[in-house]
Amino acid sequence: MAETGKLEAKPVSFEDLIKWEKIKYEAPELTGKIETPCIKENASLSYKAQLYKGKDAIARLGYPTEGLIPNWKEKFLEKMDEMLKKYRSVRLFMDICVRCGACTNKCHYYLGTGDPNNMPVARAELMRKIYRRYFTPQGKLLGKKLTNSEDLTEEMLALWYTYFYQCSECRRCSVYCPYGIDTAEITMAAREIMNSIGIVQKYMHEIVDKAQYIGNNLGMIPDAVRNAIEFVETDLQEQTGLDIKIPIDQKGAEILFVTPSADFFASPHIESLYGYAKVFHQAGISWTMSTYASEGGNFGLFVHNYNNMKIINKRIWDASRELGVKRVVGGECGHMWRVLSSYSNTLNGPFDWLNPKYSIPQHICEFTLDLINKGALKLDKSANDEFTVTFHDSCQVARGMEMGGTASGQYEIPRAVIKACVNKFVDMPENTIKEKTFCCGAGQGLLGDDMLPIRVKGAMPRMQAVKVVKDSHGVNFLALICAICKAQMSKMFPTYGYPMEEVGGIHQLVSRAIVFGAKEGI
Amino acid sequence: MAVLQNLFSFTLTVLAYASFAIFAAGVLYKIYILKKTPVPLKIPTTPQSTNVSGVAARMAGDVLFFKSLSKGETESALWTAGWFFHLGFFLVVLRHLRYFTNPIPSWVMLVQDLGIFAGIVMFFAILALFFRRYTNERVKHITTFADLTILIIIFLIAATGLTMKYMIRPDIVEVKAYIFSLIFLHPSKAPMNPVFILHFISVMALLIYFPFSKLIHAVGYFLSPTRNQANNPRTKRHLNPWADEAWDKMVNGPRPIDSKTNEPYQPWSQEQWRKKWLKQEN
């Protein structure tokens, strides 16, 4: 008997603590109500993200390649100190949380799983426990109990890896926090700290490397990009019988258009690419895409690694300068827009070679709405009569940027474009849209198939809201402006028992409604 | 007995000066550290106004009416208890100015009754906050020892304050004389009313604890980048003070060798990318 006891007491290695395992998942039944679940300890402890083993790529990103480094504690604290000194957000959010609990039922992962560590405050406390222990006088002097702090152990590190990769950095908690504490900032710092000691998550870092090394998230070499776009072009010409062009690397064009590479062939993304091309064609403005800047998305946002984000962003501005364009317009994507609109100017500005008359860069919805208002686009709403449409505000757009130069343009402009294309539009319940929008459940590095179980749980609040408008208004089209939302929702709709075709981009609607021919405006 | 009393009085006086010094220095140091820490990027939580006056209006709403907190559907109890507690605390502090001024300004005399009422409100608000920490499962889960410590200190302050008002009244003239002796740096003997001493000590404890604890949210809020930045990144360039240094460090630092080109890998170099992927064209 004593021997079995010994076997059980065998210490678990760190690799076992963060090991990814395939977990069966099942969509919960939809009721139309978003209820706060009771706390279920460790409910999502077993949902881990896969570790990255690609040594070349990890080396290229500047992280240790051999897994957890031997002197990791030292390096961990050194990096954490650096984060605290470089980011006021991180330092301040460590200090000022009063644990009031306003955020506890705001996270879609908590609502989906009931795991207490998925409450934003508890997630941040994972870092605060280390902060208090090593970076505050009381933590150094008084015991762990009194200051509620924690020593740096492998168990703690495993908790970090688990729960900081169960945060989609959607910032919903920061809306409700009386001090604006943004868990995304803390998650980003935590991920960078883990990267620096050799714990690198696979999905997002594989993509950060591809975007830097090859030029886009899908890892398509320039010829492949050209082929894919030519294929879209042929398709479009067959569809419409018109000579619609998608120019590539054309110097002297008026507009450089960047979009997430998923738009080149993923479904339903590609439908929006048709829409963009049709809008440019009908507007008669010369435009081009670039093989060098063949990616709009920037996964560098997801960790506090300033240079990696800057390198990816730099491609767009280098290409725009080289091609001699006057404007940069970006397609539908959430985090891409946060970086493009909120960070570009800081990262790679100022953009004095571009036309200051237009916002730099310009969102495709701003661009399209502008044309609609000028009368340069004619839209036939009846073409979309089979659809009753609702709109999902992407988290990074809704809570991270402005559109049209006004504080709430990011809510109004996409809706205005939709309303110009369809007759039947309804909004989801008030507490699930605009600034209170729920994340699709797969943002910021959680879109990998390894994360499917947590993605299904995280999508629950959004699906409940969809069910409400489905039942009350017969909604059969969810309009999106984010490549990640499109990928996630086209997977979640079938999982929750709805047809996949009910998901699509705003420019998919534009594409169906657009009427070609002589222009009335301008 | 007199010796013991003198010794105790002396200890209180030292505590008073020490706590005030720790409070002032601690808070100033915290503000200095936070101010010094750069904000590399624009991260306001939108919808955020695109101009400074709009940002100020939002922050005023947050500070005066807890606007962000009131957005939650389940936070009405917390909002009520929290808002009345803070307002009560503020009015009580105003009322106490009568012990620190001579002659007493007329407006301080006007808020006396209100201040007493605010003290009672504050007392019950703390009880409500206490109650909430234990009845709400999620809040109970995140409550730490430090959260309770602060609640207990403030509860003691309110309870002893109300006791002095309604039950065991100290000699107010003596108390004010002591406070003035502290202000003018020739401390006299402290009043030996036990309730007053407990009140006095708990206030000192709060002052000492302030800069090291979550109470720093009182000044921290104003430095919060998700609230105090204008939402105008496309029109006004925000600068990151450490961007160039970090970039130079990476560019000039050791780079891994690219197996395809056998050169140090430079992801920021367009020429290298061309050489690698556009061979067909060359």
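Quick rundown of the values:
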item	result
For the stretch A:14-200: accessible area per residue (Å², 1.4 Å)	37
Rounded if a/c under 1.5, otherwise prolate or oblate - the stretch A:14-200, Cα gyration tensor axes	oblate
For the stretch B:2-228, accessible area per residue (1.4 Å probe, heavy atoms of protein chains only), Å²	50
Options B:LEU223, B:MET59, B:PRO267, ranked by Cα towards positive dipole end of chain B, top entry (Cβ charges)	B:PRO267
Nearest 10 degrees, 0 to 90: helix A:306-323 Cα axis against chain A principal axis	10
In the stretch A:47-97, the trypsin sites (Lys or Arg not before Pro) that fall in loop regions by DSSP, at most 13 other Cβ within 10 Å	A:LYS53
Chain B: relative contact order in percent, alpha carbon pairs under 8 Å with at least 6 residues between	30
The stretch B:1-64 and the stretch A:33-60: distance between their alpha carbon centers, rounded to Å	37
Among the listed pairs A:LYS85/B:LYS35; A:LYS470/B:LYS71; A:LYS144/B:LYS214; A:LYS73/A:LYS129; A:LYS202/B:LYS260, those beyond 19 Å (Cα-Cα)	A:LYS470/B:LYS71; A:LYS202/B:LYS260
Options A:GLY67, A:TRP317, B:ALA159, ranked by Cα towards positive dipole end of the protein assembly as shown, top entry (Cβ charges)	B:ALA159
Cα centroid separation, the stretch A:353-405 to the stretch B:210-231 (Å)	35
Cα centroid separation - the stretch A:116-131 against the stretch A:209-227, whole Å	37
Chain-alone versus full-assembly comparison, the stretch A:285-322, residues with accessible loss of at least 30 Å² (1.4 Å probe)	A:TYR292, A:TYR306, A:ASN307, A:LYS310, A:ILE311, A:LYS314, A:GLU322
For the stretch B:2-228, convex hull of alpha carbons as volume per residue, Å³	162
Cβ-placed point charges (K, R +1; D, E -1), dipole of the protein assembly as shown about Cα centre in debye, nearest 20	2020
R0 of 41 Å, Cβ-Cβ distance A:ASN423-B:ALA56: FRET efficiency to nearest 0.05	0.45
Buried solvent-accessible surface, both chains (B, A), 1.4 Å probe, Å² to nearest 100	7300
Percent accessible area from carbon and sulfur atoms, the stretch B:2-228, protein chains only, probe 1.4 Å	77
Isolated Cys residues of the protein assembly as shown, judged by Cβ distance under 4.7 Å to other cysteines	A:CYS38, A:CYS97, A:CYS100, A:CYS107, A:CYS167, A:CYS177, A:CYS333, A:CYS365, A:CYS421
Inverse mean reciprocal Cα-Cα distance (Kirkwood Rh) of chain A, Å	23.9
Degrees between helix A:364-374 axis and first principal axis of chain A (Cα, 0 to 90, nearest 10)	30
Heavy-atom accessible surface of the stretch A:37-182: percent carbon and sulfur, 1.4 Å	53
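The values are calculated or read from the model by the stated rules, or taken from the named source; none is laboratory data. None of the values given here were measured: they were computed from a predicted structure. Every residue, glycine among them, receives a Cβ derived from its backbone with ideal geometry; neighbour counts consider all protein chains shown. With ligands, DNA and RNA removed, areas are computed over all heavy atoms of the protein, side chains included. Shrake-Rupley method; radii C 1.70, N 1.55, O 1.52, S 1.80 Å.
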